[in-house]
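Each remark here refers to the structure printed beneath this line.
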Amino acid sequence: MAEKACKRCRRLVKGNMCPACKDSELTKNWRGVLVIFDPESEIAKEAGITAPGKYAVKIK
């Protein structure tokens with residue numbers, strides 16, 4: 001099963017619902033992967049990410 005990106009928080013998921021924000025609006029149209037281990041990092045702050053995980057850089 002291909003990963004989908006949550007349209008709300010950009011987290012990459014394999015199911016039909018985002019485990020982070022509980023949203024079911026997912027898309028297969030996304031580009032780039034950003035893996036966050038430390039949500040306090042400058043990159044996470046710049047991207048607006050507050051939790052560790054795997055995220056889409058851009059959602060089409």
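Is there a pair in K22/K58; K4/K45; K28/K58; K28/K60 whose C-alpha atoms are over 18 Å apart, and which pairs would that be?
Distance filter (> 18 Å) returns K22/K58; K4/K45.
Karplus-based coupling profile of the stretch 47-55, in residue order and whole Hz: 7, x, 9, 10, 9, x, x, 10, 10, with θ = phi - 60° in 6.51 cos²θ - 1.76 cosθ + 1.60 and x standing for Gly or Pro. 3J(HN,Hα) along the stretch 8-21: 7, 10, 6, 5, 8, 10, 9, x, 10, 8, 6, x, 7, 10 Hz, from the Karplus curve 6.51 cos²θ - 1.76 cosθ + 1.60 with θ = phi - 60°, whole Hz, x for Gly and Pro. Estimated purely from DSSP H runs of n ≥ 4, each contributing -39500 (n - 2.57), the mean residue ellipticity at 222 nm for the chain is -2500 deg cm²/dmol once divided by its residues.
Read-outs: derived from the displayed coordinates by stated rules, not from any lab. Keep in mind the model is a prediction, meaning the values are calculated, not measured.
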